[in-house]
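Student: The structure under discussion is supplied below as structure tokens; questions concerning it will follow.
The values are calculated or read from the model by the stated rules, or taken from the named source; none is laboratory data. Note that the structure is predicted; figures quoted are calculated from it, not measured. Heads up, the Cβs are rebuilt from the backbone with ideal geometry, glycines too, and the neighbour counts pull from every protein chain shown. Side chains included, ligands, DNA and RNA excluded: accessible areas come from the protein's heavy atoms. Shrake-Rupley method; radii C 1.70, N 1.55, O 1.52, S 1.80 Å.
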Amino acid sequence: SKKPVRVAVTGAAGQIGYALLFRIASGEMLGKDQPVILQLLEIPDEKAQNALKGVMMELEDCAFPLLAGMEAHSDPMTAFKDTDYALLVGARPRGPGMERADLLSANAAIFTAQGKALNAVASRNVKVLVVGNPANTNAYIAMKSAPDLPAKNFTAMLRLDHNRAASQIAAKTSKPVGAIKKLTVWGNHSPTMYADYRFATIEGAAVKDMINDQVWNKDVFLPTVGKRGAAIIAARGLSSAASAANAAIDHMRDWALGTNGEWVTMGIPSLGDYEIPKEVMYGFPVTCENGEYKVVQGLEIDAFSRECMTKTLNELLEEKAAIQHLL
Ligand code: NAX
């Protein structure tokens with residue numbers, strides 16, 4: 001049987017953690033033949049550490065055959081030791097009266113420390129997914145704080161936006177969601193993201209022709225996908241958790257095990273494709289093979305798309321400018 005791999009998860013006692021850890025331990029992320037060791041990080045606070053112990057008791061009680069080990073940590077320098085995968089979920093949420101700049105700098109402190117710890121102790125091939133918001137900028141900060149690791153190993157989660165876009169298109173076209181191919185979401189994980197179905201197909205037919213309604217695209221589809229997180233908070237009283245955990249599983253599984261030529265969306269450090277400046281952590285259409293992602297090339301960017309892509313890029317550049325002095 002395979003040698004266990006190490007999977008670090010931060011914010012492990014939070015809502016997303018609770019929807020995520022059991023699925024990782026059951027083999028849904030890395031395969032039903034891949035044993036895992038969970039290295040769980042929470043803040044040192046006693047309540048959080050106790051809650052983490054409780055989650056670990058439940059993980060034990062699942063008797064998952066693939067769960068080869070489990071550790072609780074309060075320091076990223078031990079939590080990330082030799083880790084092959086790191087899911088950075090824990091982040092500082094926006095408190096009452098907190099300005100956007102305060103939120104960015106509180107998270108910059110967390111993600112510089114975690115990036116440095118990954119740099120110091122993680123596997124040199126570690127695959128990092130940042131979920132904690134602002135996800136793209138946090139991933140950028142972690143990447144910049146880990147100069148000895150390949151920049152391409154740092155990614156941000158756009159997959160929830162991608163899956164949300166797919167479900168809206170399935171509803172609009174009355175087609176099965178699993179039949180939608182070649183969809184993507186460009187840019188920031190925020191309401192400025194640009195979900196783009198211009199290239200999408202269902203059973204070989206172009207989604208664009210099936211919908212053929214630019215007003216729906218602009219006035220219904222994009223705002224619905226962009227504001228879906230807020231709609232879930234309004235309905236549930238809590239932010240998306242199971243769907244976010246599901247997207248994290250999808251992102252890591254596809255990156256590690258491949259997509260068989262199909263497109264998925266990942267937030268990755270730009271290599272300059274599609275005129276997105278290098279290193280900006282931006283959502284792109286990618287395919288994955290042998291543990292590596294590759295940006296889909298040669299897509300035509302029309303005027304409306306360029307406008308949307310620039311708007312979400314500008315937001316990312318502003319976030320980057322706001323934290324640059326902290327790096
Ligand atoms: P919770 O508040 O339920 O859990 C977060 C957990 O992280 C808490 O237990 C907290 O103690 C821990 N934590 C905070 N700082 C930490 C640190 N420095 N090291 C280790 N642990 C730390 O939030 P939850 O609903 O689980 O959401 C987690 C994050 O995901 C939030 O930042 C949220 O905004 C973000 N999201 C990102 C999404 C995306 O698509 N990228 C979608 C869902 C979600 O909103």
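Student: Taking all protein chains as present, what is the carbon and sulfur share of the accessible area of the chain, in % to the nearest whole number, probe 1.4 Å?
Tutor: 53
Student: Lysines within cross-link reach of Lys175: Cα-Cα under 25 Å, excluding same-chain residues under 8 positions apart?
Tutor: Lys208, Lys218, Lys227
Student: Per residue, how big is the convex hull of the range 197-327 when only Cα atoms are used? Give it in Å³.
Tutor: Hull volume normalised by residue count: 163 Å³.
Student: Just how far, in whole angstrom, is the range 30-75 from the range 167-243 if you go by their alpha carbon centroids?
Tutor: Cα centres, the range 167-243 to the range 30-75: 34 Å.
Student: Okay, moving on. Among the lysines, which fall within straight-line cross-link reach of Lys81, defined as a Cα-Cα distance under 27 Å, with same-chain neighbours fewer than 8 residues apart omitted?
Tutor: Filter leaves Lys2, Lys3, Lys32, Lys47, Lys53, Lys116, Lys127, Lys144, Lys152.
Student: Taking one equal scatterer on every alpha-carbon of the chain, how large is log10 of I(q)/I(0) by Debye at q = 0.06, 0.08, 0.15 1/Å?
Tutor: Summing over Cα pairs of the chain leads to -0.19, -0.35, -1.27.
Student: Can you tell me the dipole magnitude for the chain around its Cα centre, using point charges on the Cβ only (Lys, Arg +1; Asp, Glu -1), in Debye to the nearest 20?
Tutor: The calculated dipole for the chain is roughly 160 debye.
Student: Arranged from highest to lowest average of other beta-carbon atoms within 10 Å per residue, in what order do the peptides 236-243, 103-110 appear? It would help to have the intermediate numbers written out before the result.
Tutor: Working: 236-243: 13.8, 103-110: 18.8.
Per-residue mean Cβ counts within 10 Å order the peptides as 103-110, 236-243.
Student: What value, in deg cm²/dmol to 500, does the helix sum -39500 (n - 2.57) over DSSP H runs of n ≥ 4 give at 222 nm once divided by the residues of the chain?
Tutor: Mean residue ellipticity at 222 nm (helix-derived): -13000 deg cm²/dmol.
Student: While we're here: Can you give the accessible area per residue of the range 78-161, in Å², using a 1.4 Å probe?
Tutor: 35
Student: Percent antiparallel among DSSP beta bridges with both residues in the chain, to the nearest 5?
Tutor: If we restrict to bridges inside the chain, about 45 percent are antiparallel.
Student: Karplus couplings for the range 80-86 from phi (6.51 cos²θ - 1.76 cosθ + 1.60, θ = phi - 60°), rounded to Hz, Gly and Pro as x?
Tutor: My calculation for the range 80-86 gives 9, 4, 6, 5, 8, 9, 9 Hz in order.
Student: Counting only heavy atoms of protein chains, what accessible area per residue, in Å², does the range 200-327 have with a probe of 1.4 Å?
Tutor: Accessible area per residue: 50 Å².
Student: Follow-up. Can you find, among Leu313, Gln214, Ala156, the residue farthest towards the positive end of the dipole of the chain? Put +1 on the C-beta of Lys and Arg, -1 on that of Asp and Glu.
Tutor: Going by the charge dipole, the pick is Gln214.
Student: Using protein chains only and a probe of 1.4 angstrom, how many square angstrom of Glu203 are accessible, to the nearest 10?
Tutor: 130
Student: Sort the following peptides by mean Cβ neighbour count (other Cβ atoms within 10 Å, averaged over residues), highest first: 82-92, 113-123, 291-301.
Tutor: By packing density, highest mean first, the sequence is 82-92, 113-123, 291-301.
Student: Find which of Gly90, Gly115, Thr137 sits farthest along the positive direction of the dipole of the range 65-170, computed with +1 on the beta-carbon of Lys and Arg, -1 on that of Asp and Glu, about the Cα centre.
Tutor: Thr137
Student: If we sort 2-11, 154-163 on the protection proxy, mean other Cβ atoms within 10 Å, highest first, what's the order?
Tutor: 154-163, 2-11
Student: Using amide H atoms built 1.01 Å from N in the peptide plane, name the residues 5+ places from Ser270, or on other chains, whose amide H lies under 5 Å from its own.
Tutor: Under 5 Å from the amide H of Ser270 lie the amide H atoms of Glu279, Val280, Met281, Tyr282, each far enough along the sequence or on another chain.
Student: Something else now. Treating only the Cβ atoms of Lys and Arg (+1) and Asp and Glu (-1) as charged, compute the dipole magnitude of the range 170-327 about its Cα centre; round to the nearest 20 debye. List each step's numbers first, then the result.
Tutor: Details: 16 positive and 19 negative charges, 93 e Å.
The calculated dipole for the range 170-327 is roughly 440 debye.
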